[in-house]
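Student: Below is the structure I would like to discuss, written out as structure tokens.
The values are calculated or read from the model by the stated rules, or taken from the named source; none is laboratory data. Computed from a predicted model, the values in this text were never measured in an experiment. In this analysis, Cβ positions are derived from the backbone assuming ideal geometry, glycine residues included, and neighbour counts consider all displayed protein chains. Note: accessible area is taken over every heavy atom of the protein model, side chains too, but ligands, DNA and RNA are not part of it. Shrake-Rupley method; radii C 1.70, N 1.55, O 1.52, S 1.80 Å.
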Amino acid sequence: MDIPRCKDKLNSLAISVMNQWPGVKLRVTEGWDEDGHHSEESLHYEGRAVDITTSDRDRSKYGMLARLAVEAGFDWVYYESKAHIHCSVKAENSVAAKSGGCFPASARVSLENGSTKAVKDLRAGDRVLAADREGRLLYTDFIMFLDTAREANKVFYVIETREPQTRLSLTAAHLLFAGQQHRRRSPGQPRFRATFASSVKPGHLVYVPDGDGQRVRAATVEKVYLEEREGAYAPLTVQGTLVVNQVLASCYAVIEDHALAHWAFLPVRMSYAAKSLFSLSDSFTANITGQESGIHWYSSALYQIGRWVLDQASIHPQGMALDSS
């Protein structure tokens, strides 16, 4: 099996497995794909991904196996299915590990005039489809980009549903509204819970516009995999949400608390509202909303504050690279 970029990490992991469970060996169920069993963007075609279990196929060991895989140096480790753990490594010549929270440049949003537009082409004031905390669809203003990386290569989690057929790509640390099947909510609890894209698994629910265009409804995730693409954009709207490729997502990333992030960006929304209401000059709000490329200074400042005051468990390990987008 030709998996050159994973070989050293697999050797280290195999030793760890034998030390952890004497008599048990590491089992690789899929490495380099020569038969076209995966999607065309799969890292299995690049020698950068493996699917693993233990030789005894004891699923109770898989949690520890995932931890050992992280310690062995794999860049991404997650439960792709109940049958195995997926592990992959970043490209040697890319900045894919600098995650932040973004959508690919080609991701599309719906506009109030009935057309669609690529995320990369959004301009301040564009009215894009979003939803409120109760799942009611509405149109909201696009304000600015929290992060832009026009030429950077980044790894995206691709989340697919079948009914309806949707395909959303977003970076590991971006927040997506998702939940588990049959989960009941308590009175007063928000309908949606935002979680990191890297935490979404097949069988989870995401939210898509319903047929009458009034609300969102649940759709079951059928597949989750990784792909590397050029260009990444993190749009901010007044509502703090937006529908991208027909899937409802948060505008925020890195910190696993959509409500807190939305509150933290209140000064940005107020600055934008002041400009819109009173026809103020661009220079009045440029210090807050102005940006050409890279991570917006306000996002960077909030991230630094968050690292000081928040529980580290709420901050994604692939947060943002403050020196570069």
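Student: Just to be sure I understand the model, the point goes 7 Å from the Cα along the line to the Cβ. What's the resulting TRP263 to ARG217 distance in nm?
Tutor: Label-label distance for TRP263 and ARG217, simple model: 3.5 nm.
Student: For ARG167 and SER115 in one chain, what is 0.36 nm times their gap in residues minus the Cα-Cα distance, to one decimal in nm? Each step should come with its number before you reach the end.
Tutor: On the way: separation 52, 0.36 × 52 = 18.72 nm, distance 1.87 nm.
Fully extending the segment from ARG167 to SER115 adds 16.9 nm.
Student: If R₀ is 22 angstrom, what is the calculated FRET efficiency for the pair LEU138 and ARG193, using the beta carbon separation as r and rounding to 0.05?
Tutor: Plugging the Cβ-Cβ distance into 1/(1 + (r/R0)^6) gives 0.65.
Student: Could you compute the net charge surrounding ARG57? Neighbours are other residues with a C-beta less than 14 Å from the C-beta of ARG57; K and R count +1, D and E count -1.
Tutor: On the way: positive: LYS25, ARG27, ARG59, LYS61, LYS82; negative: ASP51, ASP56, ASP58.
Net of charged neighbours comes to +2.
Student: Another one. Under a 1.4 Å probe, what is the accessible area of the range 111-252 per residue, stated in Å²? Let's see the in-between values first.
Tutor: Values: 5930 Å² over 142 residues.
Accessible area per residue, the range 111-252: 42 Å².
Student: To continue, here is another question. Grab the beta carbon distance between ASP311 and SER12, set R0 = 35 Å, and tell me the FRET efficiency rounded to 0.05. Before the final figure, lay out each step's value.
Tutor: Numbers: r = 30 Å, r/R0 = 0.86.
E(calc), rounded to 0.05, equals 0.70.
Student: A follow-up question, please. Indicate the gyration tensor shape class of the range 49-164 (rounded, prolate or oblate), computed on the Cα atoms with a ≥ b ≥ c the square roots of the eigenvalues: a/c under 1.5 is rounded; otherwise a/b larger than b/c is prolate and the rest oblate. Please list the in-between numbers first.
Tutor: Details: a/c = 3.24, a/b = 1.90, b/c = 1.71.
Prolate, because a/c is 1.5 or more and a/b exceeds b/c.
Student: How do 82-90, 108-116 rank on mean C-beta neighbours within 10 Å, highest first?
Tutor: Top of the packing list down: 82-90, 108-116.
Student: Shifting gears a bit: Checking the table LYS82/LYS201; LYS7/LYS223; LYS90/LYS154; LYS154/LYS223; LYS7/LYS82 against a 18 Å threshold on Cα-Cα, which pairs fail?
Tutor: Table pairs above 18 Å Cα-Cα are LYS7/LYS223; LYS154/LYS223; LYS7/LYS82.
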